[in-house]
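Worksheet for the structure shown next.
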Amino acid sequence: MNLKDLWKMYEADKRILGFSQHTLKAYNLQFKILHREIGDIEIDEISLNLLKEYLSKQSERLKPSSLGHRIRFIRSLFRFAFEEGHLSRNPSLKLKEPKMDKRIPKFLIEEDVIHLKITCDSPREHALLEFLCCTGCRVGEIQKLNIEDINWENCSVIVNGKGSKQREVYFTTECKVWLKRYLENRQDTCKALFVTETHPTRRMMIPTIRYSLKKLAARGEIVANVYPHRFRHTFACKLLDNGAPLDFIQGMLGHEKASTTQIYAQLRGERRRELYRRYF
């Protein structure tokens, strides 16, 4: 079996397992790079040394995080080949990911959030900003939301997170007011919760959400870099400030592993330092 045939089987398996189009697209890119570099050779000719040579060349121009993604894909691909009986040995078994510095998530201070809210000049901007601030949702989760997903009585909504895992998130009364005002002003019949302004029948896509926030930040003269995921970090930071335990934050953010949420524990001290530098 050659490498290309292995990919076809691997991709089909992941589709059956329900992997998202976004994940499959990322895997496809990783495979194309691997295939381009080592060729369409027989998979039983692929050794640990060959994979290390490939990764060594890649490491010269990749960040540790990007190299880690590449290694995880290779391990997944050849683990599949081994478990399905296409290989008698797994050449990627001893591949290890590079060590990475733990980065403290960047958050927005309360002053910047207030400035953004004041700067909003349309019900859609208000609704989108409030929803980002009080739910901690990923931008991809927000983009996929439909109006019918909202439970107005409980101020909650079911979102589809990573790995097609669903979770219930909640929003404030203020957010509810702006969502209803935004929906009442719409004249379209699109089922999407957020639609574009120029074509109201089209769902608001991720790049459009990012652009809308950049435009809002520029109008409000916000110095900080404003992007969707930064609101997720800010949400976690606010929960920490209000005394929420990490396991609760983990559930709200939809993290599968507690270790992913653990990094937010560093925010408490970092936030104090940020505020000190800003105001002292």
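The values are calculated or read from the model by the stated rules, or taken from the named source; none is laboratory data. Note that this is a predicted model, so its numbers are computed, not measured. All Cβ positions, even for glycine, are placed from backbone atoms using ideal geometry, and neighbour counts span all protein chains on display. Heavy atoms of the whole protein, side chains included, go into the accessibility calculation; ligands, DNA and RNA do not. Shrake-Rupley method; radii C 1.70, N 1.55, O 1.52, S 1.80 Å.
For this structure, a couple of remarks:
- Only one item in [x] 17.8; [y] 32.4; [z] 14.3 matches mean projected area of the Cα convex hull in nm² derived from the coordinates shown, and that item is [x].
- The mean accessible area for residues of the chain, using a 1.4 Å probe and ignoring ligands and nucleic acids, is 59 Å² per residue.
- Site pair residue 183 and residue 148 shows an inter-label distance of 1.3 nm when each label is modelled 7 Å from Cα along Cα→Cβ.
- Karplus-derived 3J(HN,Hα), 6.51/-1.76/1.60, for each residue of the stretch 128-137, Hz, glycine and proline x: 5, 5, 4, 5, 4, 5, 9, 10, x, 6
- Here the stretch 133-243 is treated as a Stokes sphere of Kirkwood radius computed over C-alpha pairs; at 37 °C and 0.692 mPa s its diffusion coefficient rounds to 217 µm²/s.
- Rounded to the nearest 10 degrees, the angle from helix 21-38 to the longest Cα principal axis of the chain is 30 degrees.
- Think of the stretch 52-107 as a dipole: +1 on every Lys or Arg Cβ, -1 on every Asp or Glu Cβ, centred on the Cα centre; then among 64, 86, 107, 107 lies furthest on the positive end.
- Among the chymotrypsin sites (Phe, Trp or Tyr not before Pro) in the stretch 81-188, those located in a DSSP loop and surrounded by at most 13 other Cβ atoms within 10 Å of their own Cβ are 152.
- For the stretch 30-65, trypsin sites (Lys or Arg not before Pro) meeting the loop criterion (DSSP other than H, G, I, E, B) and having at most 16 other Cβ atoms within 10 Å: 61.
- Entries in 99/257; 106/176; 14/106; 4/94 that, when Cα-Cα distance is taken, lie over 25 Å: 106/176; 14/106
- Here is the list for the stretch 7-116: GluC sites (Glu not before Pro) lying in DSSP coil, each with at most 11 other C-beta atoms within 10 angstrom of its C-beta, are 60.
- 0 to 90° range, to nearest 10: angle between helix 206-219 axis and the chain longest Cα axis: 40 degrees
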